[in-house]
There are 2 protein chains.
Amino acid sequence: MSIEVLRRSIFQNNDRAAQENRSLLDERGITAVNIMGGAGCGKTTLLEHLIPQLRSDFAVAVLEGDLATTKDAARIAALDVPVIQLLTEGGCHLTATLVQEALARLPLAEIDLLLIENVGNPICPANFDLGEHLRVAVLSVTEGDDKPAKYPFLFKVADQVVITKVDLIALTDFDRERALRAIHALDKEKGVLTVSKKDASSISQLADWLRSHVSTS
Amino acid sequence: MSIEVLRRSIFQNNDRAAQENRSLLDERGITAVNIMGGAGCGKTTLLEHLIPQLRSDFAVAVLEGDLATTKDAARIAALDVPVIQLLTEGGCHLTATLVQEALARLPLAEIDLLLIENVGNPICPANFDLGEHLRVAVLSVTEGDDKPAKYPFLFKVADQVVITKVDLIALTDFDRERALRAIHALDKEKGVLTVSKKDASSISQLADWLRSHVSTS
């Protein structure tokens with residue numbers, strides 16, 4: 001008699017939903033970007049400065065991941081772009097199933113670029129595929145240049161690393177070369193941009209990188 | 001015929017180990033403090049400045065939680081206090097079982113105060129009892145004053161909130177009153193200290209708070 005075995009990876013349901021999300025997004029010609037990084041590293045501020053640079057080229061929508069509150073969605077809504085706040089109610093990362101529910105509510109036919117701000121956490125989000133096409137890891141200079149070595153998973157999965165708050169660098173011990181060495185020790189080809197909300201041209205570099213990846217069919 | 005039911009909370013093994021840790025610590029007259037906060041909020045720097053103020057009164061030992069690297073343990077070892085690096089290998093919080101293994105390796109008879117720096121994450125650590133007596137939540141001004149509302153669980157469980165990097169406050173949008181209101185909306189009795197590594201007297205306030213809680217039997 002054969003023994004029945006039930007096997008279920010904790011990622012299985014998530015991965016199935018992620019695959020469905022990616023198929024749906026591809027079908028609609030939408031490029032999705034999963035933006036990850038620790039609490040307060042500047043993800044929402046980055047979006048506030050990035051979206052005005054992108055909106056003349058693309059129709060942008062945003063998903064805002066948080067444990068609680070709609071503060072971040074309110075900041076994005078002020079830019080007059082479609083936004084949905086995803087609340088995990090204590091969960092430490094977004095899931096593909098929550099993103100799937102949000103996709104069902106968005107006007108997909110009118111969207112070219114979907115920016116998904118994950119929960120502020122440099123750890124768990126890196127393990128959960130949402131169905132995105134690109135992953136951005138955000139690191140602020142005030143967090144310290146040791147973080148790529150200490151949170152390697154996030155920086156490994158990222159297609160682009162963005163170092164934020166560089167206007168504060170002189171007031172910190174952050175050493176840009178040391179941070180780059182730590183990132184490139186994980187992946188020597190990894191692209192790294194250094195930005196400040198006070199320098200629009202630095203944000204333009206990230207806008208250009210996104211532009212080069214957005215489907216314009 | 002009765003139906004057999006197996007029930008196991010994901011917290012059950014952890015809680016049992018936490019209780020064992022607490023009993024062992026109590027027996028040895030050791031006060032343990034679980035220090036939690038996001039990546040780069042200044043937990044290790046706080047310890048570097050706090051320990052020199054405490055060591056004349058107490059024998060201090062440290063457990064350093066991280067996903068990877070022994071960087072933080074090396075910083076504490078430079079102060080010449082016993083330290084063990086706890087690596088979660090990707091895990092987003094310390095567990096009581098990992099702390100239990102560390103306690104078996106520490107010279108408990110020679111320790112009064114055990115400072116446990118959790119993994120840099122403002123979310124999951126708040127859910128896992130390590131067997132500690134006190135919990136400290138750390139928030140840096142560079143993370144933003146919206147974080148207590150956005151990560152309420154951490155700030156609710158904390159016995160003391162410490163706002164760090166206040167020397168940078170003028171360069172940020174951080175509003176101390178707004179942060180205090182958000183913290184006190186969760187718990188109107190919550191103690192909040194505001195510190196900077198550049199102001200030893202601010203660190204002294206935290207040292208005094210710890211002194212008032214350490215068993216000196």
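The values are calculated or read from the model by the stated rules, or taken from the named source; none is laboratory data. This is a predicted model, so every value here is computed, not measured. Using ideal geometry, Cβ is built from the backbone for each residue, glycine included, and neighbour counts are taken over all protein chains shown.
Quick look at the values:
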{"read-out": "Test for B:T194: is it crowded, with 18+ Cβ neighbours inside 10 Å, hydroxyl-bearing (S, T, Y), farther than 30 Å from B:A59 by Cα and in contact with a helix residue (DSSP H, G or I) (Cβ under 7 Å, 6 or more places away or on another chain)", "value": "no"}
{"read-out": "Residue count for region A:14-37, restricted to those that are at pLDDT below 95 and of a type in the set (D, E)", "value": "1"}
{"read-out": "Residue tally, condition more than 14 Å from every other protein chain (Cβ to nearest Cβ) and outside any helix (DSSP H, G or I), over region A:53-94", "value": "16"}
{"read-out": "Some residue of region A:36-49 being closer than 14 Å to A:V119 by Cα and in a strand (DSSP E or B)", "value": "yes"}
{"read-out": "Any hit, region A:9-28, residues being under 30 Å from A:T142 (Cβ atoms) and within 14 Å of another protein chain (Cβ to nearest Cβ)", "value": "no"}
{"read-out": "Any hit, region A:143-163, residues being among the hydroxyl-bearing types (S, T, Y) and in contact with a helix residue (DSSP H, G or I) (Cβ under 6 Å, 6 or more places away or on another chain)", "value": "no"}
{"read-out": "Test: B:G29 is out of contact with any Leu (no Cβ under 8 Å at 6 or more places or on another chain), assigned to a loop (DSSP other than H, G, I, E, B), surrounded by fewer than 24 Cβ atoms within 10 Å (Cβ to Cβ) and not polar (S, T, N, Q)", "value": "yes"}
{"read-out": "Region A:169-190, residues that are farther than 30 Å from B:K198 by Cβ, touching a residue at least 24 places away in the same chain (Cβ under 8 Å) and loosely packed, with under 14 Cβ neighbours inside 10 Å", "value": "A:A185"}
{"read-out": "Failed condition for A:D57, given (1) free of Cβ contacts under 8 Å to residues at least 60 places away in the same chain; (2) charged (D, E, K, R); (3) farther than 18 Å from B:G144 by Cβ", "value": "(1)"}
{"read-out": "Which numbered condition A:V141 misses (of (1) at pLDDT 95 or above; (2) under 27 Å from B:N118 (Cβ atoms); (3) out of contact with any Ser or Thr (no Cβ under 9 Å at 6 or more places or on another chain))", "value": "(3)"}
{"read-out": "Residue that is farthest from B:D26 (Cα to Cα) [pool: residues in region B:93-118 that are touching a residue at least 40 places away in the same chain (Cβ under 8 Å) and of a type in the set (D, E)]", "value": "B:E117"}
